[in-house]
Amino acid sequence: MKQPTLKSFGDSAILLEWENTISNDIHKDVLRAQTLLKDVLGDQLLEIVPAYASMALYFNRQVSVDKVKNEIEQLLQKESEATALEREKIKIPVCYDEAFAPDIQELVEKKNISIDALITLHTQPTYTVYFLGFLPGFPYLGGLDSKLHHPRKSTPRKKVEAGSVGIAGGQTGIYPSNSPGGWNIIGRTPLALFSVEKQPPSLLKAGNLLQFESISAKEYESIIEKVRSGDYKIKKEIIHG
Amino acid sequence: MVEVIHPGMYTTIQDLGRFGYRNLGIPLCGAMDRMSATLANRILNNSDEDAIMEITLMGPKLRFQEDAIIAIVGADLHPKVNDKSVEMNTMVSISKGGLLSFGNASVGTRAYIAVAGGWQTSLVLGSRSMYNGVTEASALDKGDLLALKEQSKNVHAKQSSLQLETSHFNTAKIKVNEGPEWKQLSTSLQQKILKGNYTVSPQSNRMAYRLEGVAGIKGSEIITSPVQPGTVQLTPSGDCIVLMRDAQTTGGYSRILQLSEQAICELAQKRGGATVQLVLT
């Protein structure tokens, strides 16, 4: 495990920073540190917020940040081995029908590929949920095929429907709630990514792996019904590594 | 119950914030000026975590449908009960049918109305702080009915009136610490940032305060990384943005400075047009 640098971040937070790059290996170290520090710091810690190559630790105001900073440094130095991670891989069904995909036609024309080819390119990779941000439950995903990279729309939509799956630059993402947005929308998932009624309220969390699965409009409707009645079982498996 | 006759300019229910969910992208939220909010609760012997009402520049009109004991702390919005001025920073009794109204803020921007036992709006993910997409409403609206706690009537409030110093409202010096990217700036740029006289943009809100009017300062984009209330972002186009309580949990601009908790509260009392300096401590 690579060692992060530690910086004080305001009155009662510490920022851990790894090599400044977006990569799976660095992110795995972020996840390892998160697991370790959550266990060791316990109640002193209010929250941990991981990102691509950094992580914020927010402490109770009573905690002496300088003291705990030294403890963390020593703790992480002992952790030189790269311990195996247990990660959930979650299947996200997506309907790529034009009714749910207002930008798919324009995108395939610009890329000069068929809709089927786009679907294959989008459903093949296993994506990494680097972290959640921007909107409650919004996943920053890594792993989009470079053939699908495309700039965001010059004029954002006033309303993008919850569940919409989009592409912006080198990223793909899912809107957890209705929101204005400038991503190119290529499909929609019937799953609810964010609900305050649920615990945890977000379907995804940092470190999850994710794969999209193409479904028909009929399947979309049937999953919507099942999600509503609580009968839908999310497809997931545990991956070690 | 208390009926909202008019919501005022921007009135919400807040507490100390929604902790434990920032890793899911849920903003912390909570009272902008936490010091004033806490003081209002303490006057009534409430717990610091009890929900208070945050009112902004132009206060609401509230009809109390039952007897209640309240305390108002923060900006001076000239509170009146049944058209008679009432004191701030101390407990105030309101009888059933009483109308609480306000003038315009003369000092400060945000005031807090505490009720004995706290406002009983719905608790969502451990907090009553209103936020779009998390709580049902993002602000109070005309016709809303707000529940009070039963024991409101028999409160043994602290008789001592508590008050913040006037500097809390009129200081122009906003205390900051170095942010994660501060050391990456050139010394001359650091000097420029700290010598600048900034004007608070009228577009400032619960999410962020924009500081304008200092030319020739520029930040850069960073790989998206955590931000928190009080983080000062400097964008490549020279916008200086101080994130406040409703800020996103991560951001992609250089985090040059970080306000102290007290400084966040003091900045929250500024309005568009105010002049401030950033003072490194």
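The values are calculated or read from the model by the stated rules, or taken from the named source; none is laboratory data. Just so it is clear, the model here is predicted, and its values are computed rather than measured. Heads up, the Cβs are rebuilt from the backbone with ideal geometry, glycines too, and the neighbour counts pull from every protein chain shown. Please note that ligands, DNA and RNA were not included when accessible areas were found on the heavy atoms of the full protein model with its side chains. Shrake-Rupley method; radii C 1.70, N 1.55, O 1.52, S 1.80 Å.
Once you've got the GNM for chain B with C-alpha springs shorter than 10 Å, pick whichever of B:Leu99, B:Leu77, B:Leu243 has the biggest mean-square fluctuation.
B:Leu99
First check a/c for the stretch B:2-165, with a ≥ b ≥ c the square roots of the eigenvalues of its C-alpha gyration tensor; if it is under 1.5, answer rounded, and if not, answer prolate when a/b is larger than b/c or oblate otherwise. Walk me through the intermediate numbers first.
Details: a/c = 1.43, a/b = 1.37, b/c = 1.04.
Rounded.
Over all directions, what mean area does the Cα convex hull of the stretch A:128-197 project, stated in square nanometres? If you can, show how the numbers build up before the last one.
Numbers: hull surface 18.9 nm².
Taking the Cα atoms of the stretch A:128-197, their convex hull projects to 4.7 nm² on average.
Once you've got the GNM for chain B with C-alpha springs shorter than 10 Å, pick whichever of B:Asp141, B:Asp33, B:Asp246 has the biggest mean-square fluctuation.
It is B:Asp141.
Once Rh is set to the Kirkwood radius over Cα pairs, what Stokes-Einstein translational diffusion coefficient, in µm²/s, holds for the stretch B:126-281 at a temperature of 20 °C and a viscosity of 1.002 mPa s?
Estimated diffusion coefficient is 122 µm²/s.
In whole Hz and in residue order, list the ³J(HN,Hα) couplings for the stretch A:20-27 that follow from phi through the Karplus curve 6.51 cos²θ - 1.76 cosθ + 1.60, θ = phi - 60°; x for Gly and Pro.
Here the 3J(HN,Hα) series is 6, 8, 8, 8, 4, 5, 4, 4 Hz.
Looking only at Cα atoms, what is the convex hull volume of the protein assembly as shown per residue, in Å³?
Working: hull volume 83.9 nm³, N = 522.
Enclosed volume per residue, from the Cα hull, is 161 Å³.
Need the full-extension length gain, A:Thr155 to A:Glu237, defined as separation in residues times 0.36 nm minus the C-alpha distance. One decimal, nm.
Details: separation 82, 0.36 × 82 = 29.52 nm, distance 3.87 nm.
Contour length minus the Cα-Cα distance gives 25.7 nm.
Check A:Gly133: other-chain or 5+ apart residues with amide H under 5 Å from its amide H, H built from backbone geometry?
The answer is A:Phe138, A:Tyr140.
I'd like the distance separating the alpha-carbon centroids of the stretch A:158-180 and the stretch A:77-123, in whole Å.
Spelled out, the Cα-based centre of one part sits 13 Å from the other.
Can you give the % of DSSP beta bridges in the protein assembly as shown that are antiparallel, to the nearest 5? Spell out each step's value before the answer.
Details: 90 of 102 bridges.
Bridges in the protein assembly as shown that DSSP calls antiparallel: roughly 90 percent.
How many percent of the alpha carbon pairs in the stretch A:5-78 exceed a separation of 22 Å? It would help to have the intermediate numbers written out before the result.
Numbers: 394 of 2701 pairs.
When all Cα pairs of the stretch A:5-78 are counted, 15 percent exceed 22 Å.
Non-local amide H neighbours of B:Glu66 (under 5 Å, H modeled in plane, Pro and chain starts lacking H): which ones?
When sequence neighbours closer than 5 places are left aside, the close amide H contacts are B:Gly97.
Among A:Val68, A:Phe100, A:Thr172, pick out the residue whose Cα is farthest towards the positive end of the charge dipole of the stretch A:44-193, where Lys and Arg carry +1 and Asp and Glu carry -1 on C-beta, about the Cα centre.
Value: A:Phe100.
Say we join alpha carbon atoms closer than 10 Å with springs in a Gaussian network model of chain A; which of A:Pro190, A:Pro151, A:Pro50 then has the biggest fluctuation?
With Cα springs under 10 Å in chain A, the top fluctuation among A:Pro190, A:Pro151, A:Pro50 is at A:Pro151.
Excluding residues on the same chain fewer than 8 positions from A:Lys89, give the aspartates and glutamates whose Cα lies under 12 Å from its Cα.
Partners within reach: A:Glu237.
Note the buried accessible area between A and B here, summed over both chains, with a 1.4 Å probe, in Å² to the nearest 100. Show your work: numbers first, answer last.
Values: alone 12700 and 12670 Å², together 22700 Å².
So the total buried area for this chain pair works out to about 2700 Å².
Could you work out the relative contact order of chain B? I mean the mean sequence separation of Cα pairs under 8 Å and 6+ apart, divided by the number of residues, in percent.
Working: 767 pairs, mean separation 60.6, N = 281.
Normalised by residue count, the contact order of chain B is 22 percent.
Step through the residues of the stretch B:83-98 one at a time and calculate ³J(HN,Hα) from phi using the Karplus curve (6.51 cos²θ - 1.76 cosθ + 1.60, θ = phi - 60°), rounding each to whole Hz and writing x for Gly and Pro.
My calculation for the stretch B:83-98 gives 6, 10, 4, 10, 6, 9, 6, 7, 6, 10, 8, 10, 8, 3, x, x Hz in order.
Can you compute the FRET efficiency between B:Thr187 and B:Thr275 using 1/(1 + (r/R0)^6), with r the Cβ-Cβ distance and R0 = 22 Å? Round to the nearest 0.05. Present the calculation step by step, with values, prior to reporting the outcome.
Values: r = 25 Å, r/R0 = 1.12.
So the FRET efficiency works out to roughly 0.35.
Using only Cα atoms, figure out Rg for chain A and give it as a multiple of 2.2 N^0.38 Å. Working shown, then result.
Details: Rg = 19.6 Å, N = 241, 2.2 N^0.38 = 17.7 Å.
Normalised Cα radius of gyration, chain A: 1.11.
May I ask which residue of B:Leu148, B:Thr249, B:Pro236 lies farthest towards the positive end of the charge dipole of chain B, with charges of +1 (Lys, Arg) and -1 (Asp, Glu) on Cβ and the Cα centre as origin?
Projecting each Cα onto the dipole axis, the largest value belongs to B:Pro236.
Can you tell me the relative contact order of the stretch B:1-59? Whole percent, Cα pairs under 8 Å, sequence separation 6 or more. Provide the component values of the computation, followed by the final result.
Details: 68 pairs, mean separation 28.7, N = 59.
Averaging sequence separation for qualifying contacts and normalising by length gives 49 percent for the stretch B:1-59.
Relative to the isolated chain, which residues of the stretch B:2-38 have their accessible area cut by 10 Å² or more in the presence of all protein chains (1.4 Å probe, heavy atoms, no ligands or nucleic acids)?
The answer is B:Phe19, B:Gly20, B:Tyr21, B:Arg22, B:Asn23, B:Leu24, B:Gly25, B:Ile26, B:Arg34 - residues whose exposure falls by at least 10 Å² when every protein chain is included.
Using a 7 Å offset from Cα along Cα-Cβ at B:Ala172, what residues in the stretch B:229-243 end up with backbone N under 12 Å from the label point?
Output list for this probe position: empty.
For the stretch B:1-110, with all protein chains present and a 1.4 Å probe, just round the carbon and sulfur fraction of the accessible area to a whole percent.
Working: 1860 of 3810 Å².
C and S atoms contribute 49 percent here.
Testing the spin-label approximation: label points 7 Å from Cα along Cα→Cβ at B:Asp67 and A:Gln44. State their distance in nm.
5.0
Using DSSP, restrict attention to beta bridges with both residues in the stretch A:86-240 and report what percent are antiparallel, rounded to the nearest 5. If you can, show how the numbers build up before the last one.
Numbers: 24 of 31 bridges.
For the stretch A:86-240, the DSSP antiparallel bridge percentage is about 75.
Please turn the phi angles of the stretch A:54-67 into ³J(HN,Hα) values with the Karplus equation 6.51 cos²θ - 1.76 cosθ + 1.60 (θ = phi - 60°), one per residue in order, whole Hz, x for glycine and proline.
7, 7, 9, 10, 9, 9, 4, 5, 6, 6, 7, 5, 4, 5
Compute the distance from the alpha-carbon center of the stretch A:182-241 to that of the stretch B:6-50, in whole Å.
33
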